[in-house]
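Nothing in this text is a laboratory measurement; each read-out follows from the coordinates by a stated rule. What you see is a predicted model; the values in this text were computed from it and never measured. Methodologically, a virtual Cβ is constructed for each residue, glycine included, from the backbone with ideal geometry; neighbour enumeration extends over all protein chains shown.
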Amino acid sequence: MRQLLILSLIVFLHLESTQFNPVNAENAESSTYTKAREDMVANQIETRGVKDKRVLAAMRKVERHKFVPKQLRYLSYTDGPLPIGEGQTISQPYIVALMTELAGLKGDEKVLEIGTGSGYQAAILAELCAHVYTIEILEPLATRAKALLEDLGYTNIMVKYGDGFLGWKEFAPFDAIIVTCAPQEVPLPLIEQLKDGGRLVIPVGTFYQELKLIEKKNGKLITKNIIPVSFVPMLRKNRALQK
Ligand code: SAH
């Protein structure tokens, strides 16, 4: 009887410590989501034709749920965009993978991202190239993404609060530029800050948007339309500040 009591006490204390320890809860959450992430890559990304092995590995590795608001985490590996606050969204996983594949990264590149949002796309890029520079026009999002990316241990990402329409001249030229908000036309500064041989991946349009891959070769631009997409509009600094 005494032994049974002691055993019950041990089990009770163990349950208490595993249930209420936030570190354990976080670990349990991470392992639950590993399978969901594998399924996301297999069923949403590979089946739609993304082949780059490094991109697929990064999509398997980066924990999308860490970039999603807590109350929506259970939806982290579903096939669509999700709200991240400030009226903005984290993009659909397939679109992140597709845009990253289109950037054609090998490992030593310098990449500019316009529209940091949650920081998820920046984290995926950081797994695949040397340096990521990312710009966000809404200060609360820029501040939050910067803190999260630092927390996750990324040392090759610089986050800036500002208007991405203007690019980031100080670190130009870039091997690749990925734009995750839609301007009506391709911003000229981004073309100028693209290296010769570089790739710009950008959704263009208002109601109807087309994802474009623009390659700069010997000073000439070669544009390919990839697929119709639906991104949040690119804001301009003045308009954003008027809100
Ligand atoms: N890449 C993000 C998706 C963000 S959605 C992610 O992985 O979560 C697009 C983001 O672009 C929004 O956060 C929006 O505030 C930002 N944005 C809109 N116009 C911008 C501009 N001119 N410069 C920089 N960021 C801009």
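Of note:
- Residues (surrounded by fewer than 21 Cβ atoms within 10 Å (Cβ to Cβ) and more than 11 Å from the ligand (Cβ to nearest atom)) located in the range 130-145: ALA130, HIS131, THR143
- Lone qualifier among LEU56, LEU72, LEU112, LEU82 - being of a type outside the set (Ser, Thr, Tyr), surrounded by fewer than 21 Cβ atoms within 10 Å (Cβ to Cβ) and within 12 Å of the ligand (Cβ to nearest atom): LEU82
- Any chance VAL96 is surrounded by 20 or more Cβ atoms within 10 Å (Cβ to Cβ), without any contact (Cβ under 8 Å) to a residue 40 or more places away in the chain and within 15 Å of the chain's Cα centre (by Cα): yes
- Residue check, TYR74 farther than 21 Å from ALA147 by Cβ, among the aromatic types (Phe, Trp, Tyr) and without any contact (Cβ under 8 Å) to a residue 12 or more places away in the chain: yes
- Of the criteria (1) over 26 Å from LEU82 (Cα atoms); (2) crowded, with 20+ Cβ neighbours inside 10 Å, which one ILE177 fails: (1)
- Residues satisfying the stated conditions in the range 187-231, i.e. part of a loop (DSSP other than H, G, I, E, B), more than 13 Å from the ligand (Cβ to nearest atom) and surrounded by fewer than 20 Cβ atoms within 10 Å (Cβ to Cβ): THR206, PHE207, TYR208, ASN218, GLY219
- Residue, farthest from the ligand (Cβ to nearest atom), within the range 173-186, restricted to residues that are touching a Leu at 6+ places or on another chain (Cβ under 8 Å) and assigned to a loop (DSSP other than H, G, I, E, B): PRO173
- Residue that is of a type in the set (Asp, Glu) and within 23 Å of GLU215 (Cβ to Cβ), where the choices are GLU86, GLU46, GLU63, GLU101: GLU101
- The set of residues in the range 149-178 that are in contact (Cβ under 8 Å) with a residue 24 or more places away in the chain and among the polar types (S, T, N, Q) contains only ASN156.
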